[in-house]
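Structure first, then comments.
The values are calculated or read from the model by the stated rules, or taken from the named source; none is laboratory data. Predicted model, so just to flag it, every value in this text is computed and none were measured. Glycine also receives a Cβ, built like all others from the backbone with ideal geometry; neighbour counts cover every protein chain displayed. The accessibility values were calculated without ligands, DNA or RNA, using every heavy atom of the protein model including side chains. Shrake-Rupley method; radii C 1.70, N 1.55, O 1.52, S 1.80 Å.
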Amino acid sequence: MKTGRIIKVSGPLVVAEGMSDAKMYDVVRVSENRLIGEVIEIRGDRASIQVYEETAGLGPGEPVYLTGEPLSVELGPGLIESIYDGIQRPLDACREATGDRIARGVELPGLRRERQWDWQSRVEVGDQVVAGDILGVVQETSLVEHRIMVPPGVAGKVVKVHQGPATVEDVVVQVETEEGIKDITMMQRWPVRRGRPYKEKLPPEVPLITGQRIIDTFFTVTKGGTACIPGPFGSGKTVVQHQLAKWADADIIVYVGCGERGNEMTDVLLEFPELKDPRSGEPLMKRTVLVANTSDMPVAAREASIYTGITIAEYFRDMGYNVALMADSTSRWAEALREMSGRLEEMPGDEGYPAYLGSRLAEFYERAGRVKTIGSEEREGSLTVVGAVSPPGGDLSEPVTQATLRIVKVFWGLDASLAYARHFPAINWLTSYSLYSARVKEYFDRHVAPEFQELRGTAMRLLQQEAELEEIVRLIGIDALSEEDRLVLETAKSIREDFLHQNAFHEVDTYSSLEKQHRMLRLVLRFHEEAQRAIGHGVPIDDILQLEVREGIARAKYISEEELDRLSAIEEDITAEIDGLIQGIGGEQSA
């Protein structure tokens with residue numbers, strides 16, 4: 001192994017000389033402790049190294065060992081149900097090796113070498129294969145069939161096929177290529193900073209159904225889309241991401257805790273094994289990969305964790321799965337960039353962040369997408385990225401939030417005032433937006449109802465009217481409003497409290513299907529229409545607001561998916577009770 005020599009140590013930054021053979025983003029081993037580092041700058045024969053472990057005790061003169069390889073992850077059976085740190089060291093294996101805290105310089109493989117997997121071949125000797133073709137499958141968990149693919153850059157004729165159980169290092173297929181015989185194992189290695197190849201990027205037209213009413217109805221994210229959740233401390237970013245991980249109709253979930261507090265990652269680690277997958281009844285962990293890089297780990301390791309997570313997600317996308325990546329939070333990742341940029345003495349941008357913050361964020365989010373995968377058979381996969389942003393004090397004008405908003409297509413803006421009022425999810429309906437709304441209209445028209453988008457538009461107009469009327473009420477009081485305006489306020493309140501408010505910890509309300517969302521919204525707006533009709537016949541607004549059916553509307557969210565016909569009955573009750581009021585007014589006038 002070629003070596004260099006340390007000449008400077010500045011926190012997680014180490015500068016070494018004698019590094020003329022190093023390349024950008026190569027992995028190196030620093031000192032005799034063999035700490036893991038990555039080359040991030042080269043000037044002549046000097047290299048600046050970002051060290052992913054604690055550098056206390058390092059000094060000038062110690063060796064730096066070059067590996068000649070970029071920072072890569074191991075991809076193969078064993079990823080699902082695993083919990084990794086930011087550089088793909090399995091935390092359970094780390095604990096077995098060093099105890100409760102990870103010792104410096106620990107080298108552990110990302111995939112267990114000794115485990116036997118039940119390999120089932122999908123090819124025969126003589127078959128022609130190209131990169132991306134499925135050679136065989138392994139039933140990794142009860143929910144995930146792991147598809148072993150021809151690695152990128154390999155094509156030729158199958159000359160040998162393994163039968164029976166195998167480990168990730170065993171050769172399962174031999175392919176005769178132009179360069180000779182290529183041994184293919186169940187494990188691939190892939191550099192984390194390089195996106196995996198695909199044939200074609202497809203338009204984002206299929207919504208990712210999350211079961212969260214404010215997201216699915218008003219601010220939809222698509223399969224292969226990008227979204228961000230900025231909000232101040234305590235506004236519910238983590239709970240929203242947990243809800244998406246639990247209920248989104250993705251096949252695989254990759255959850256990256258990037259510099260999060262230990263207690264938040266502990267919640268994930270304790271909750272996910274207990275949660276049941278709604279589609280199968282199995283534990284949610286059986287289709288989940290966790291990357292847990294908590295805030296007490298070295299700052300530099302946060303940067304690697306984001307790339308580790310998205311590379312694993314791309315690998316499952318290439319199999320033809322719909323994958324959702326939750327990154328919590330990209331602000332901590334940006335702090336790692338700022339720290340390293342400062343130590344490299346680069347010219348700072350806004351608030352000390354590096355000038356290339358926006359391009360680094362774009363590189364990350366652009367790896368999302370719905371694609372046609374490589375391979376001779378037609379396969380579609382998608383990778384949806386949802387990133388939480390933690391702006392200090394909830395200030396959305398700070399650089400990380402602004403750079404993220406220029407890239408992503410969906411903005412779920414969390415509002416501290418809503419959170420303090422115990423309105424969750426605390427997504428502000430007046431400031432949030434989705435640029436996918438027009439693209440998913442056809443899907444909703446076909447799979448839900450042609451009126452669904454129209455109802456959504458009506459509800460949003462009522463919420464905007466409410467915001468305008470509240471200004472008037474503050475100035476001159478509610479008594480100065482017309483009956484119609486008071487009805488707008490009451491309907492908007494019903495939309496907020498009966499439809500948008502959703503209890504993540506209630507067994508029924510935690511998830512709403514698209515059908516239930518459509519029928520609930522129609523229920524609220526049907527009451528509005530019927531109340532307008534009653535006002536037109538001279539019925540006082542106070543009489544309308546005292547109708548018993550309003551209690552039924554308020555409790556509609558707690559009606560289970562199996563009893564949705566009860567919503568139709570409530571609609572009939574609305575018409576009947578309004579008719580009763582109108583007839584009562586007619587009787588008084590005739591008397």
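In summary, Ile215 fulfils each of the numbered conditions (1) within 30 Å of Glu69 (Cα to Cα); (2) not in a loop (DSSP other than H, G, I, E, B) with the single exception of condition (1).
To keep it simple, each residue is scored yes or no on (1) open to solvent by less than 10 Å² (accessible area, probe 1.4 Å); (2) hydroxyl-bearing (Ser, Thr, Tyr); (3) part of a loop (DSSP other than H, G, I, E, B); (4) at pLDDT 90 or above.
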| site | (1), (2), (3), (4) |
| --- | --- |
| Gly257 | yes, no, no, no |
| Val289 | yes, no, no, yes |
| Asn293 | yes, no, no, no |
| Glu314 | yes, no, no, yes |
| Val323 | yes, no, no, yes |
| Ala334 | yes, no, no, yes |
| Ser341 | yes, yes, no, yes |
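For the range 351-388, which residues satisfy the criterion of being more than 22 Å from Ile312 (Cβ to Cβ) and either crowded, with 21+ Cβ neighbours inside 10 Å or not aliphatic (A, V, I, L, M) (or both)? Matches in the range 351-388: Glu351, Gly352, Tyr353, Pro354, Tyr356, Leu357, Gly358, Ser359, Ser376, Glu377, Glu378. Within the range 210-251, the set of residues being surrounded by 21 or more Cβ atoms within 10 Å (Cβ to Cβ) and among the small types (Gly, Ala, Ser) comprises Gly211, Gly224, Gly225, Ala227, Gly231, Ser235, Gly236, Ala245, Ala248, Ala250. Any residue in the range 483-503 that is among the aromatic types (Phe, Trp, Tyr) and open to solvent by 30 Å² or more (accessible area, probe 1.4 Å)? Within the range 483-503 (the criterion being among the aromatic types (Phe, Trp, Tyr) and open to solvent by 30 Å² or more (accessible area, probe 1.4 Å)), the answer is no, since none of the residues qualifies.
Across the range 135-144, the number of residues qualifying as buried (at least 19 other Cβ atoms within 10 Å of the Cβ) and outside any loop (DSSP other than H, G, I, E, B) comes to 3. Scanning the range 92-151 for residues that are modelled with pLDDT of 90 or more and of a type in the set (Asp, Glu) yields Glu114, Asp118, Glu124, Asp127, Asp133, Glu140, Glu145. The residue that is least open to solvent (accessible area, probe 1.4 Å), among those in the range 92-104 that are of a type in the set (A, V, I, L, M) and not in a loop (DSSP other than H, G, I, E, B), is Ala93.
Among the conditions (1) over 29 Å from Val15 (Cβ atoms); (2) free of Cβ contacts under 8 Å to residues at least 60 places away in the same chain; (3) open to solvent by 20 Å² or more (accessible area, probe 1.4 Å), Glu398 misses just one, which is (3). Taking the criterion of being of a type in the set (Lys, Arg), outside any loop (DSSP other than H, G, I, E, B) and either more than 18 Å from Gly375 (Cα to Cα) or open to solvent by less than 80 Å² (accessible area, probe 1.4 Å) (or both), the residues of the range 153-206 that qualify are Lys160, Arg189.
Every condition in (1) within 15 Å of the chain's Cα centre (by Cα); (2) farther than 30 Å from Arg379 by Cα; (3) not in a strand (DSSP E or B) holds for Ile229 except the one numbered (3). Only residues that are of a type in the set (D, E, K, R) and part of a strand (DSSP E or B): list them for the range 33-91, please. Passing the criteria: Glu38, Glu41, Arg43, Arg46, Glu69, Glu74.
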